[in-house]
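Accompanying notes for the structure given below.
The values are calculated or read from the model by the stated rules, or taken from the named source; none is laboratory data. For clarity, every value in this text was computed on a predicted model and none was experimentally measured. Note: ideal-geometry Cβ built from the backbone for every residue, glycine included; neighbour counts use all protein chains shown.
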Amino acid sequence: MTTEDLAKALGRPGKYQLLLTVLLCLNYVYVGWNHLGMAFLAAKTKHHCTVKNSSDIDHLVPLEKKNGKEQWKGCKLYSDYNKTEQVSCSNGWTYYHSDRERTIVSEWDLVCSDAYKTSLAITIYFVGVMLGGLVFGTLSDKFGRRPILLFTMFAPSLIGIIVFFIKNYIAFVILRFVLGFLLQGLQMTSFLLFMEVLAVQYRTAAGVTASIFWSFGVMSLALISYLIQDWRYIQLFTTVTGLLQIGLICILPESFRWLLTKNRLDAAEGVIERISNFNDLPFPREEFNKVVDNSNKQEANVKKNYSIIDIFRSSVLRKRSIILAFVW
């Protein structure tokens, strides 16, 4: 008898598993907003060199053709009315946007020689995402799924509030790195929890459901950005909304599979009883006792602690991991 038999005895799937899966999949909306948020936080904004007298624009700002249309150059200025020499902008830039619209590009002049900084910020964010996947995977194996998920679900809200008040690019990049680090932990532990509470036969459907929630987040981000337009408020909205999941503190269980692997049998029994009661099912005593017996037998043997390195020791797992990493 295995934990899989125990999962099947708790419903196929039960109300509790369905509710928990939907609530955890909501985190994918939240993560999707932030993973793709820079498309709007750092949206390209038309600009030209600022001139002291607006009537001098036609005389001092060079024209160039783009897509068959003439427009002012964004990074050069004539040094005088003779239009003999083009120089870099010395008085900053003027941006074409509505009064409501603000991006990090227009706020910190991330144009011309500093245009690379928008791509750099995106890269650093996803370095945080990569590290978050490695670190929080190990931490959730050691300390449990529940505490890691709750931490990574609510800590980004604090980061979002801090980002709202920052005044410089470097602080923005550092905080976005931390945000990516935390959100990947949230995405991964959410996935682990709903996969571990479900029987194997329902996991494919759960994975597809998570992707649907992710897609909804990506699509709704455009509408959110259109309605808000100011990058600070967009970032605040896409992080602080995680606090709406505060109810999970009361209903989120630890993974009974994880508890059983740690030989925390009383805690596992409590979680299973809670799920059974919610699903109006009797406690699966026979299945649970057999799993406990198997656990006791395994405890008598020398136990080995596995790590991420073990993935690469198996040829099958190694190939699948490399393919999935490439696809991602």
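Filtering region 106-126 to residues that are part of a helix (DSSP H, G or I) and hydrophobic (A, V, I, L, M, F, W, C) leaves Trp108, Cys112, Leu120, Ala121, Ile122, Ile124, Phe126.
The residue that is farthest from Ala7 (Cα to Cα), among those in region 276-323 that are assigned to a loop (DSSP other than H, G, I, E, B) and modelled with pLDDT of 85 or more, is Ser314.
Among the residues making up region 121-159, a single one is closer than 24 Å to Val173 by Cβ and either out of contact with any helix residue (DSSP H, G or I) (no Cβ under 9 Å at 6 or more places or on another chain) or not assigned by the TED database to the domain that holds Gly185 (or both): Thr123.
Within region 66-96, the set of residues being within 15 Å of Thr50 (Cα to Cα), at pLDDT 70 or above and either aromatic (Phe, Trp, Tyr) or assigned to a strand (DSSP E or B) (or both) comprises Lys76, Leu77, Tyr78, Gln86, Val87, Ser88, Trp93, Thr94, Tyr95, Tyr96. Of the residues screened, Glu273 is one that is under 22 Å from Leu150 (Cβ atoms) and either part of a helix (DSSP H, G or I) or not assigned by the TED database to the domain that holds Gly32 (or both).
Residues in region 29-57 that are among the hydroxyl-bearing types (Ser, Thr, Tyr), assigned to a helix (DSSP H, G or I) and touching a Ser or Thr at 6+ places or on another chain (Cβ under 7 Å): Tyr30 only.
Taking the numbered list (1) without any contact (Cβ under 8 Å) to a residue 24 or more places away in the chain; (2) not in a loop (DSSP other than H, G, I, E, B) in turn, Lys167 passes all entries but (2). Return the residues of region 178-192 that are crowded, with 21+ Cβ neighbours inside 10 Å and more than 30 Å from Ala268 (Cα to Cα); say none if nothing qualifies. Leu179, Gly180, listed by residue number. Taking (1) touching a residue at least 12 places away in the same chain (Cβ under 8 Å); (2) more than 22 Å from Thr261 (Cα to Cα) in turn, Met188 satisfies each apart from (2).
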